[in-house]
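First comes the structure, then the notes that go with it.
Each reported figure results from applying straightforward, stated rules to the coordinates on display, with no laboratory input. Small disclaimer: the values here were computed from a predicted structure and weren't measured. Note that each Cβ is placed from the backbone with ideal geometry, even for glycine, and that neighbours are counted across all protein chains shown.
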Amino acid sequence: MKTLKSIIVIALISLSVVANAQSKEEKNFLGKWLTEDKTATVEIYKEKNMYYGKVLKSTITKTEKGVPIVGQIVVIEMKLKGKNLEGGTVKDVEENEEYDAKFVPVDANKIKLKISVMLFSHNWNS
């Protein structure tokens, strides 16, 4: 019985250490962020172990097609992996396109968005 109690205590301590480690990493991303060009404020939040970003403010009110920008979800299904948010996409609301991306913490007040875009062409011949 003593051994079982010891195992339970060790398991609870381990879980609390893991939970605290994740919450420290989360703090690098959660909150309101001003985009580099200072045209929008995006709030990154967590929902069911995924991270999303919603446009709260924008100097541009609508896309060229008349779609409102405020309220758009522009960070989609990111996951915390190590120190980064990755595995999801970011949305270009003007083009209505999504791109693979990741966020990397720079310091307490800055995160870097890295977008994966590969443009290439192939000529196929018969």
### Query
In the stretch 26-52, what count of residues is obtained for those that are surrounded by 14 or more Cβ atoms within 10 Å (Cβ to Cβ) and in contact (Cβ under 8 Å) with a residue 24 or more places away in the chain?
10
### Query
Would you say LEU85 is in contact with a helix residue (DSSP H, G or I) (Cβ under 8 Å, 6 or more places away or on another chain) and either surrounded by 14 or more Cβ atoms within 10 Å (Cβ to Cβ) or small (Gly, Ala, Ser) (or both)?
no
